[in-house]
Amino acid sequence: MEKIDSIDTYDEILTHIRLALKDVIRGGADLDNGSLKTGTRLGADLGLKSLDFVRFAGSLQRRLKAGPLRFQQLFVNADGSFSEDISIGRLREFCKEALLKR
Amino acid sequence: MKSPSTDIAIIGMDCIFPGAATVSDYWANILSGFDAIGDPPPSWDPLPFYDPGATPETNDRTYCKRGGYIEPLVQFDPMEFGIMPGSIDGSDPEHFLAMQVAARALADSGYDKRDFDRSKTSVIIGYGKLGTTGMANAAYHTAVVDEIIKVTKFLRPNLKSADLETIKTGIKARLFPFTAETCPGLTGNIMSGRIANRFNLQGPSFTVDAACASSLIALDMAVTNLRMNKIDMAIVGGVHANVLPGTLVMFSMLGALARSGKIRPFSAEADGTLLSEGVGMAIVKRLEDARKDGDRIYATIRGIGASSDGRGQGLLTPRLEGEALALSRAYESCGIDPASVGLFEAHGTATKVGDATEILALSGLLGPRKTELPACALGSVKSMIGHTIPASGMAGLIKTALALHKKILPATLCEQPNPELGIEKTPLYLNTKTIPWISGGKTPRRAGVSAFGFGGINAHVILEEEITSEANPIRHITGSGDIEVFAISAGSKNELIDTCNSLLGLLRTANPPGMGDLAFSLAASVRFDELWRLAICASDKDRLLAGLTTSLTKMQSPSCVSFSDRSGVYLQSRPLMPDGKLALMFPGEGAQYAEMLRATNMAFPKIRSSFDEIDRIYLEHGKTPLPSQVLYPPPGISKSSAEELQKLLWSNEYGLMLVQAACEGFFSLVQDLELAPDALVGHSGGQNFAMWLAGCFTADRDTFNRHLLRLNTEFIQAPVEENARLLVVGGGDPDEVMAYIKSIADSLFIAMDNCPNQIIICGIGAAIERAMEDLGALGAICSAMPFQRPYHTPLYSWKSPAVGEYFNQLAELFTMQLPQIPVYSSSSAELYPSDLDEIKRMLEEQWEKPVRFRETVEKMYDDGFRIFLEAGPRGNLCGFVNDTLSGREFLALELDVMTQPGPLRIAQTIAQLFVNGVKINMTRLHDGLDRRRVSMPGSGETQAPRAKRTMSLKMGMPIIDTVAFKNVPPLHLADSDRHAPETGSGAVISGIRRAVWNAPVRLLKSVSCCAAVCSAQTGTTNGEALAALILGVSEKVKFSTFSSNPSRANEWLFGRLAAKDAVNQLLKSSSLTSLEILTEKSGRPYFMISDGNGAQRRFLSSIAHCGKVAAAIAAPEQAGLLGIGVDVELRDRSTTDLEESGFKETERALIRSFAGKEAGQLVLKLWCVKEAVAKAVGTGLLGNPRAFEIVSFDASAGLAYVNIDQTLSAHAKRPVQAYMGFEGNLAYAVAAVHERF
């Protein structure tokens, strides 16, 4: 597992996201920050399925070393169903807000 | 006499339609919803036929030029058909396209190489004479060119006969040829005769003109002849290969064309039709013969009905009774119930009255809708290709025959159905989405095709699928975008690199092999004892080239022994097999999703047939809606119906059946590929299915499915806990999550332990709400399952009456035996034991026991399983395996995921199975697809095909090319004056002398100005022609007001020409038409001329005429200059009247005292002075020349002073100075008015 240590900027969060994605995407070795755009969607564009979302969330949470980030609020709709998809931009925003609350 | 009811088979087809050069392109376009409508091809550019403002009265322009044009696709090799290339141009291109498509259709049927009774084979083609290129060309040669010469002679009377002959010859040389050789190509019926001639066919061959119904009427004639045994086979077609401007204008005048440029039958936005080009051909013969001869049968023709409208509202207005009669005659002819038809390919022209009449006719045939959901798809291929008029019936027939053959309901392009049509009240739905045609009915799939023509001719054909006893091919190809697996094995890396390089070379040759042929050939060549394996998934040559290039690049690295590229390229030299084992996994309920396997079911007929089966069972049990309707809801249904279907998708009654149909389909694919699993494993309800596949239940598929339906129905009735909810829990620290769940074990149950990152818990009411909150705080992600059945918990006890009864019946229905393939139980995380009683007990109890899938996978890994292939929808189980075995060496592969088209996913999985050493027969993917082995480079077997010498066919209208005039000397307007300005247009108007006029310029020293004069040199001037050359748009409008007075018109024109010549001297320009002369309120002319930087500059002007002479002066607006004036008179003009009426007594005395006998000439010049001054001040003489009084003059200096009556002009403070003189036969005067006056 690749490691980085700080989470100060959006770019650093994006790097954590990328590394967490590489943890769960088979054949994802070619992912780089440049290939992840704000509008890139985890499901439709990167092929993540619901379980991958969860694995990804777990990996990201561990990488950010900030304790539980309540990804449930991001990935689960109000009616309890799993969110269809999420964009990198929304994910990065969520992480930033969650980290600021810490 | 009632016709014999012999059914007729369609055994071959091909076509050229907009956007589709072949029938496979056509079908691929239909499936992808490709809108092939566009603008006319570039060859139309010279034609001024288009005016968006054209009205029904405009008989030479169309308001719509968009349509379906095939010219870019048309290439023809005359030598292939023994036709002399010299006879092509100038003939109607339809002849050769018909020949080409007929030959391809015959080849498609296989009878290009097989013997058949040619003496009893007909060619019958629907073809209407709406104007053709060849006949237009003939008209040009025989009449239009002569008319052009006549006009040229009128415009250029000085041209000699030899010049005119040169022009004529030049024009004709640039037209298409019109020779004895082209004559056959101008005769409609020779189109069919030519085909009969080429293939030596001696059945009756002819063309049929029934307007838009031509193709189907041609088919009717062929079918009749076949049924009466007059012929044994027929080539039937429809041809409309050339939309011409005249046809467009005709439909424009009728208001039938879509102003929107889109053709959308039955749509709320439909605003008319669009014309298009196309050729379609089908080979038909008696069904009995076709079966006996082993022909491939696309579809069977069961019935045809035809009618005329009789006395309707008009020849161009469809009549409901006429259409209804054709429909009813078709169904009566064969006794088929219209309700059994699943697809209507409508005529659907997108005209308001046409669409409405057709829906009324169909609703009359079908009656009102009696069920919640519509049962019959409605469509029209015109939404994609436009209206091919006589070929339109064939476009519909080919589409529908393919729909029946491929079992697909193709989409029609429509954003919103027209609510005024009331389609929702009929059993029809406008099918706007391409979906698999799943059918479990007692009757074969059936479809109707309609074509209704101008003049009131109607036809309807009933088609039926051919159900063969032979196995279906594993997959259908669309001809475009089909994913192929290109598999290569090699004994070493270098050998693999060599093969890749050879393939690159082969693909880069002028005639590369077809992708399907190449994939098949490679699949047939692979060796499983060779460890270096590469597989590339690609749909076309470019992607394959990219895959090979990527592979070669990566393999350059010495350390590269394997890679897996997300684009579908896989290399492996250390395969998981044969040392590892392969397991097939089957999911249970919950794996279903809306539109599951849509693309897969269209591409893999055997997979689709599993869904046919469950539809059949539901139909037999009288259950509605059908599973296929739940899976693929008909477009356009109400929101409440859609929501109800979505609920049913997650119901016990439908969910597991749909999942199982998918599993069964995938298992059949696995079997077809000859893949042998080492074990099976099912998840939840998938366990029953795994055991059935393993042979544990000795029931056939039908019995098992019926049993499953009953089981599910009874489950619904089981008294299970209503408040139970299932929660998916993932993420967070697994130990923390598990500790929490165990802490409240009295109210929460673990239903499924799927993998480290997912467990399913079940709880009652508030407990589950609290768990969701608490687990979320631990960083877990909890989501609700879309159903509430508490499977795999004590709440679902086998002791419940329904479940207990089910297992009692299970024992009665099935004989059980030990599984023939090892099966792992996800309840025990072990293999099922070799004890039938124990197996029964485990199967019964599994519903109240948790699923231990994580442990099962761990166990299987420990037992040596390394490849886990999920043969079911969605791919959840692969996710569980990936999560469970993360970090270890294994492969989990899905045959379906929600985010990827099914055929691509299947191809990528097959590719990965291959590179990992799984023995799989990839050649089976090509069964029934007529593949040919490709010889690899260097094998010495490659035989280059004969190089085709294709040529374009001359489509569209002949063009008069002005190059014919190139040897005619350019004719200047003032061709006798070297100093005359150029016309700038190279125009050819004779008899006008134009000259720079320097005298007034010299006299008016205070003004920077220029002057010009022009005069007619011949007796007659063609005003219209001159106007066209020199006038701007608004000037032309003004000119048109002189139409009743040609001499005034020419005088006015000459004045304009002189003024423009004058200002052009100032501008050093030669422009005429772009210089428009404007007029002040007073009538004084002026120019406004752009300086090129957006600023406008004003130029003053004055114009004078006399007889056939005009003179003008122009000056740029300059400080203090208020106006300029010029006048001319013929020197020999009588002055008696002028002296009397135009001069005061004091003026006359002054003249007489000075001029003596020369007084007459002086009067003339001074008259000009008055006129010039009056123009310069901008008033004109106002009928009162005496108001402009000559107060003094110097005849020898040509100078005069004029006092102006103060009531006329504010400039009358001082006398105005003017200059006068003679120039040739003219007297003239010029004046300039300055502010200082």
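The values are calculated or read from the model by the stated rules, or taken from the named source; none is laboratory data. The model shown is predicted, which means the values in this text are computed figures rather than measured ones. Cβ coordinates were reconstructed from backbone atoms using ideal geometry, including for glycine residues, and neighbour counts include every protein chain displayed. SASA here: full protein model, heavy atoms, side chains in, ligands and nucleic acids out. Shrake-Rupley method; radii C 1.70, N 1.55, O 1.52, S 1.80 Å.
Summary of computed values
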| item | result |
| --- | --- |
| Residue satisfying all of: in the stretch B:855-891; charged (D, E, K, R) and under 20 Å from B:Tyr570 (Cα atoms); most open to solvent (accessible area, probe 1.4 Å) among these | B:Glu889 |
| Residue that is nearest to B:Val897 (Cα to Cα), among those in the stretch A:43-65 that are touching a helix residue (DSSP H, G or I) at 6+ places or on another chain (Cβ under 8 Å) and more than 10 Å from every other protein chain (Cβ to nearest Cβ) | A:Arg63 |
| Selected residue (criterion: modelled with the lowest pLDDT) from residues of the stretch B:732-746 that are surrounded by 10 or more Cβ atoms within 10 Å (Cβ to Cβ) and away from chain A (no Cβ under 14 Å) | B:Ile744 |
| Every pair of residues 6+ apart whose Cβ atoms lie under 6 Å, when the first sits in the stretch B:575-596 and is under 20 Å from B:Leu673 (Cα atoms) while the second is of a type in the set (Asp, Glu) and assigned to a strand (DSSP E or B) | B:Met585/B:Glu870 |
| The stretch B:232-260, residues that are surrounded by fewer than 24 Cβ atoms within 10 Å (Cβ to Cβ) and farther than 17 Å from B:Pro18 by Cβ | B:Asp232, B:Pro245, B:Gly246, B:Val249, B:Met250, B:Met253, B:Leu254, B:Gly255, B:Ala256, B:Arg259, B:Ser260 |
| Long-range neighbours under 9 Å by Cβ, at least six apart or interchain, first residue part of a strand (DSSP E or B) within the stretch B:673-688, second open to solvent by 10 Å² or more (accessible area, probe 1.4 Å) and of a type in the set (Asp, Glu) | B:Ala679/B:Asp863 |
| The one condition in (1) surrounded by 20 or more Cβ atoms within 10 Å (Cβ to Cβ); (2) outside any strand (DSSP E or B); (3) among the acidic types (Asp, Glu) that B:Asp14 fails to fulfil | (2) |
| Filtered residues of the stretch B:1172-1210 (kept if farther than 21 Å from B:Ala1114 by Cα and β-branched (Val, Ile, Thr)) | B:Ile1190, B:Val1191, B:Val1202, B:Ile1204, B:Thr1207 |
| Residues being open to solvent by 50 Å² or more (accessible area, probe 1.4 Å) and touching a helix residue (DSSP H, G or I) at 6+ places or on another chain (Cβ under 7 Å) - total across the stretch B:751-773 | 1 |
| Matching entry among B:Lys647, B:Lys623 (being surrounded by fewer than 16 Cβ atoms within 10 Å (Cβ to Cβ), part of a loop (DSSP other than H, G, I, E, B) and of a type outside the set (Asp, Glu)) | B:Lys623 |
| From B:Phe344, B:Phe266, residue being touching a Pro at 6+ places or on another chain (Cβ under 8 Å) and either crowded, with 24+ Cβ neighbours inside 10 Å or of a type in the set (Val, Ile, Thr) (or both) | B:Phe266 |
| Condition met for B:Leu31 (outside any strand (DSSP E or B) and surrounded by fewer than 16 Cβ atoms within 10 Å (Cβ to Cβ)) | no |
| Scope the stretch B:887-928; condition touching a helix residue (DSSP H, G or I) at 6+ places or on another chain (Cβ under 6 Å) and away from every other protein chain (no Cβ under 13 Å); matching residues | B:Leu895, B:Gly902, B:Pro903, B:Ile920, B:Met922, B:Thr923, B:Arg924, B:His926 |
| Every pair of residues 6+ apart whose Cβ atoms lie under 6 Å, when the first sits in the stretch B:771-798 and is within 11 Å of chain A (Cβ to nearest Cβ) and closer than 16 Å to A:Asn77 by Cα while the second is basic (Lys, Arg) and assigned to a loop (DSSP other than H, G, I, E, B) | B:Gly776/A:Arg70 |
| Hits in the stretch B:72-124 (condition: charged (D, E, K, R), outside any strand (DSSP E or B) and under 22 Å from B:Ala136 (Cβ atoms)) | B:Asp92, B:Glu94 |
| Listing of helices (runs of 4 or more DSSP H) fully contained in the stretch B:813-894 that carry 1 or more residues being more than 20 Å from B:Ser684 (Cβ to Cβ) and acidic (Asp, Glu) | B:836-845, B:853-862 |
| Residue list for the stretch B:1058-1075, filter: closer than 18 Å to B:Leu1026 by Cα and among the basic types (Lys, Arg) | B:Lys1060 |
| Residues of the stretch A:65-79 satisfying the condition of being part of a helix (DSSP H, G or I) and open to solvent by 10 Å² or more (accessible area, probe 1.4 Å) | A:Gln72, A:Gln73, A:Leu74 |
| The stretch B:315-333, subset buried (at least 17 other Cβ atoms within 10 Å of the Cβ) and of a type in the set (A, V, I, L, M, F, W, C), residue farthest from B:Pro436 (Cα to Cα) | B:Leu325 |
| Wholly enclosed strands (runs of 3 or more DSSP E) of the stretch B:479-591 bearing at least 2 residues closer than 17 Å to B:Met922 by Cβ | B:484-490, B:532-538, B:569-572 |
| Where a residue in the stretch B:1050-1076 is assigned to a loop (DSSP other than H, G, I, E, B) and open to solvent by 30 Å² or more (accessible area, probe 1.4 Å) and its partner, wherever it lies, is of a type in the set (Gly, Ala, Ser) and modelled with pLDDT under 85, with Cβ under 7 Å and at least six apart | B:Ser1070/B:Gly984; B:Ser1071/B:Gly984; B:Thr1073/B:Gly1032; B:Ser1074/B:Gly1032; B:Glu1076/B:Gly1032; B:Glu1076/B:Ser1034 |
| Selection count where residues are assigned to a loop (DSSP other than H, G, I, E, B) and in contact with a Gly (Cβ under 8 Å, 6 or more places away or on another chain), scope the stretch B:187-209 | 1 |
| Filter pass, B:Ala911 being closer than 17 Å to B:Ala535 by Cα, out of contact with any Phe, Trp or Tyr (no Cβ under 8 Å at 6 or more places or on another chain) and in a helix (DSSP H, G or I) | no |
| Residues that are facing another protein chain (nearest Cβ under 7 Å) and either more than 18 Å from B:Arg770 (Cα to Cα) or open to solvent by 10 Å² or more (accessible area, probe 1.4 Å) (or both), drawn from the stretch A:80-89 | A:Ser81, A:Phe82 |
| B:Glu870 acidic (Asp, Glu), within 14 Å of chain A (Cβ to nearest Cβ) and under 20 Å from B:Ala679 (Cα atoms) | yes |
